[in-house]
Amino acid sequence: MSDHDVSIGDAEYAGTRVEQSNRQVADLANQEYKYGFVTDLEADTFEPGLNEDIVRRLSAIKGEPEWLCEWRLKAFRHWLELEEPDWANVSYPPIDFQALRYYSAPKRDKKKLNSLDEVDKEILETFEKLGIPLDEQKRLSGVAVDAVFDSVSVATTHSDILAKKGIIFCSFSEAVKDHPDLVKKYLGSVVPPSDNFYAALNSAVFSDGSFCFIPKGVKCPMDLSTYFRINAAETGQFERTLVVAEEGASVNYLEGCTAPQRDENQLHAAVVELVALDNATVRYSTVQNWYAGDVKGKGGIYNFVTKRGKCAGVNSHISWTQVETGSAITWKYPSCLLMGDNSVGEFYSVAVSNMRQQADTGTKMIHMGKNTKSTVISKTISAGEGNNSYRGQVQVMPKAENARNYTQCDSLLIGDQCGAHTFPYIEVRNNTSAVEHEASTSKISEDQLFYCKQRGIGPEDAISMVINGFCKEVFDHLPMEFAVEATKLLGVSLEGSVG
Amino acid sequence: MLEIQNLHASVEGNDILQGINLTVNPGEVHAIMGPNGSGKSTLAQVLSGNDAYEVTEGSATFLGVDLLELPAEERARLGMFMAFQYPVEIPGISNAYFLQAALNEIRKSHDLEELDSLEFRGLLQEKMDLVAIDRAFADRPVNQGFSGGEKKRNEVLQLAVLEPRLAILDESDSGLDIDALRIVADGVNKMRNKERGFIVVTHYQRLLNHIVPDVVHVLYKGRIVKTGGKELALELEKKGYDWVKEELATA
Ligand SMILES: Nc1ncnc2c1ncn2[C@@H]1O[C@H](COP(=O)(O)OP(=O)(O)OP(=O)(O)O)[C@@H](O)[C@H]1O
Ligand SMILES: [Mg+2]
């Protein structure tokens, strides 16, 4: 740390009282998670446990080349030496990594699927039920989907149309087979296996995920999306997503997630890497709705994810938008490495913690190139006994002339048993740069709710209206389809919390 | 349509309303005047169902229904509207979206079809022209960044869109410039009909030159202490409230 370090320190806000809403906060208990069903499927599943042999078997079952198996083993050996991080503002009992299963795939013939007709009916129905019809005819306007069920990608739609433009959009496993050079070139180039405990674990045992490559000069004609579904019990889900946009290319990428309602916690430790070369743009949107556990904090997903984008080229642009409503614990910091001159990084986030949910989320903006610019808009909503922390790092390196950052963190509290915390870390090592940080904490105002009610709007709709208004700056950055879903999700996950 | 008997209400342990009696018939305009802090806004808030206020005694029926049993939103759907003395801001929600949601809630409760955004736009623009509000206001967040007078006009716009059976205007004239006052008053006058009642809370006679009331009440220390015709407002304008207070003391 140099002399120019600026540290704002921890600003902590305890829950504020909203007397009238206490009663309604208690009603949260009755909220339902409508994606909590389990699909009954025969699956190929590894026995619990993690060792070199498991890693080798995993690599073998996927028919991977030697180099990738070695890559995994190296990551695994590194992982063994790392300690599980404990700095996040979340608490949970220690995870027994030997009790987890590291592979689960719906049973089917080994041969590659040629069309959707060959996908198991149960799986198609599962995705239908989740509102993600994989049948291309049924899909709304152009969104291509890669559906990941437990450890494997089960279907990718629209690949043909995309292929005509030279766009590769397929499961990670297929990419390893069909485009090994691209995978080898970019895998781990943004998040190296040694990056952190969970990234190392993921690198060792990642099962599947999505791969997307947009060649030079191509604007992807439709939004691409991956839909993750955890189904099997006791299974960890470790997907890997890699998106590469070559010079002048651009793509919108969407990601959605759900999981069944189970009493035990499940681990989800994904890695997402984005690469944007000169003049390329990648917009990555997530609507995360993993099962959150019940009111008492039983069950739910541990969502420990490493997401990072590299603005490698000049004028490149990476934008993260996330709506985090699910998971028992969320621990994630989608970040941007702003290496290219004039590159732009953005982070727009809405994080909700209700019941006993804990979220420690934020971003890192690392300014390395000249005239790099970053914008961070974080909206956290805490209700019930939820605990929400924003943790954001802005770093301006010595060569980052004229770097600009604007950060705004707004917290909204509902009820008096929740908490919101802000942990900004700012490190500036170039004095031509400008870093701005604004933060606010408010409780949902009875005046606003009464105003809505006086106009005929019911209490539930009133709260959802005020909250949606609070989140607007973030929702504005979501693609239309997702924005509608996010609005509904917020309503569901905060149902009954005030009225 | 509105019948209030011996209404007592308190807020945070302070007794504010001390036995209000008031009857409003369809088509009537009642003006309520009275010194600051006498309880005019409290009465408006209590009638529209703000549960920060506690009714400790008395009754109120509206269109034959026990008003005090209903939550605020149901009173609104039944046709009760209050233009707030201090309109509230709702960041991030556009005026148009807010009003469309409100109107559709009211329509639903009357088994009418909901208006889609296109139909609503048409209606909204017509009403905006009626109260001379720039159409650009439709897409601005509810009351956010509005000037004091603009907020008041926005309340009257909402009144015009929602077409309630009973409208309570809490100092809708304060903060308005002279032209705006006439526009707002004209808007209200256009809405007068034999079905719709108004309770107009104001401090100034000049509003009542435009919106001519059928009855004028003076509220003082939580009670209606004097009731008269429109001349009463003129008299108050000339003489202030002291003579009313004196009359009370000697009575
Ligand atoms: N939340 C509250 N807590 C304590 N006292 C309150 C509260 N709200 C209102 N009051 C008191 O109740 C009394 C009546 O207030 P109210 O707003 O009804 O007066 P008003 O007649 O509308 O006055 P004005 O002409 O100034 O608008 C005042 O003395 C006020 O201070
Ligand atoms: Mg008042």
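Being in contact (Cβ under 8 Å) with a residue 24 or more places away in the chain and either within 14 Å of chain A (Cβ to nearest Cβ) or touching a helix residue (DSSP H, G or I) at 6+ places or on another chain (Cβ under 8 Å) (or both) is a description that applies to B:Ser59. Those residues that are within 14 Å of chain A (Cβ to nearest Cβ) and surrounded by 15 or more Cβ atoms within 10 Å (Cβ to Cβ), I need them from region B:43-56; list them, please. Across region B:43-56, the qualifying residues are B:Ala44, B:Gln45, B:Val46, B:Leu47, B:Ser48, B:Gly49, B:Asn50, B:Tyr53. Taken together, the residues in region B:69-78 that are farther than 30 Å from B:Ala185 by Cα and either crowded, with 19+ Cβ neighbours inside 10 Å or away from chain A (no Cβ under 12 Å) (or both) amount to 1.
Output yes when any residue across region B:172-195 is in a strand (DSSP E or B) and surrounded by 15 or more Cβ atoms within 10 Å (Cβ to Cβ), and no when none is. No.
Can you name the residue in region B:151-171 that is within 12 Å of another protein chain (Cβ to nearest Cβ) and part of a loop (DSSP other than H, G, I, E, B) and is also nearest to B:Ala76 (Cα to Cα) among such residues? The selected residue is B:Pro164. Every listed requirement among (1) more than 14 Å from B:Phe84 (Cβ to Cβ); (2) among the basic types (Lys, Arg); (3) within 16 Å of ligand 1 (Cβ to nearest atom); (4) within 14 Å of chain A (Cβ to nearest Cβ) is met by B:Arg140 save one, (3). The residues in region B:165-188 that are more than 16 Å from ligand 2 (Cβ to nearest atom), in contact (Cβ under 8 Å) with a residue 24 or more places away in the chain and acidic (Asp, Glu) can be counted, and the count is 2. If you go through region A:171-229 and keep only what is charged (D, E, K, R) and not in a loop (DSSP other than H, G, I, E, B), you end up with A:Glu174, A:Lys177, A:Asp178, A:Asp181, A:Lys184, A:Lys185, A:Asp208, A:Lys219, A:Asp223, A:Arg229. Exactly one residue among A:Asp416, A:Asp461 is more than 29 Å from A:Lys364 (Cα to Cα) and within 14 Å of another protein chain (Cβ to nearest Cβ), and that residue is A:Asp461.
Just to be sure before I move on: is A:Gln357 without any contact (Cβ under 8 Å) to a residue 40 or more places away in the chain and surrounded by 24 or more Cβ atoms within 10 Å (Cβ to Cβ) in the structure I sent?
no
Which one is farthest from ligand 2 (Cβ to nearest atom) among residues in region B:22-38 that are crowded, with 19+ Cβ neighbours inside 10 Å and over 14 Å from the mean Cα position of the chain (by Cα)? Selected residue: B:Leu22.
Of all residues in region B:89-107, those that are surrounded by 18 or more Cβ atoms within 10 Å (Cβ to Cβ) and without any contact (Cβ under 8 Å) to a residue 40 or more places away in the chain total 5. Is region B:46-56 home to any residue that is in contact (Cβ under 8 Å) with a residue 60 or more places away in the chain and within 16 Å of ligand 1 (Cβ to nearest atom)? Yes, there is a match, as at least one residue in region B:46-56 is in contact (Cβ under 8 Å) with a residue 60 or more places away in the chain and within 16 Å of ligand 1 (Cβ to nearest atom). Evaluating B:Leu2 against the criteria (1) under 15 Å from B:Phe81 (Cα atoms); (2) within 15 Å of ligand 1 (Cβ to nearest atom); (3) away from every other protein chain (no Cβ under 14 Å); (4) of a type in the set (A, V, I, L, M) leaves one unmet condition, (2).
The residue of region A:261-276 that is farthest from A:Ala99 (Cα to Cα), among those that are of a type outside the set (A, V, I, L, M) and either at pLDDT 95 or above or part of a loop (DSSP other than H, G, I, E, B) (or both), is A:Glu273. Scoring B:Asp15 on the criteria (1) part of a strand (DSSP E or B); (2) out of contact with any strand residue (DSSP E or B) (no Cβ under 6 Å at 6 or more places or on another chain); (3) within 16 Å of ligand 2 (Cβ to nearest atom) leaves a single failure, condition (3). Candidates are the residues of region A:244-260 that are surrounded by 24 or more Cβ atoms within 10 Å (Cβ to Cβ) and within 20 Å of A:Gly340 (Cα to Cα); the one that is modelled with the lowest pLDDT is A:Val251.
Report, by residue number, each residue of region A:360-390 that is surrounded by fewer than 22 Cβ atoms within 10 Å (Cβ to Cβ) and modelled with pLDDT under 90. Hit for region A:360-390 is A:Glu385, nothing else. Beta carbons closer than 9 Å, at least 6 apart along the sequence or on distinct chains, pair a first residue in region A:371-388 that is under 18 Å from A:Val90 (Cα atoms) and free of Cβ contacts under 8 Å to residues at least 60 places away in the same chain with a second that is aromatic (Phe, Trp, Tyr) and surrounded by 24 or more Cβ atoms within 10 Å (Cβ to Cβ) for A:Thr380/A:Tyr390. Take the residues in region B:79-112 that are out of contact with any strand residue (DSSP E or B) (no Cβ under 9 Å at 6 or more places or on another chain) and not in a helix (DSSP H, G or I), then tell me which one is nearest to the other protein chains (Cβ to nearest Cβ). It comes out as B:His110.
The values are calculated or read from the model by the stated rules, or taken from the named source; none is laboratory data. Note that the structure is predicted; figures quoted are calculated from it, not measured. Positions of Cβ are backbone-derived with ideal geometry, glycine not excepted, and every protein chain shown enters the neighbour counts.
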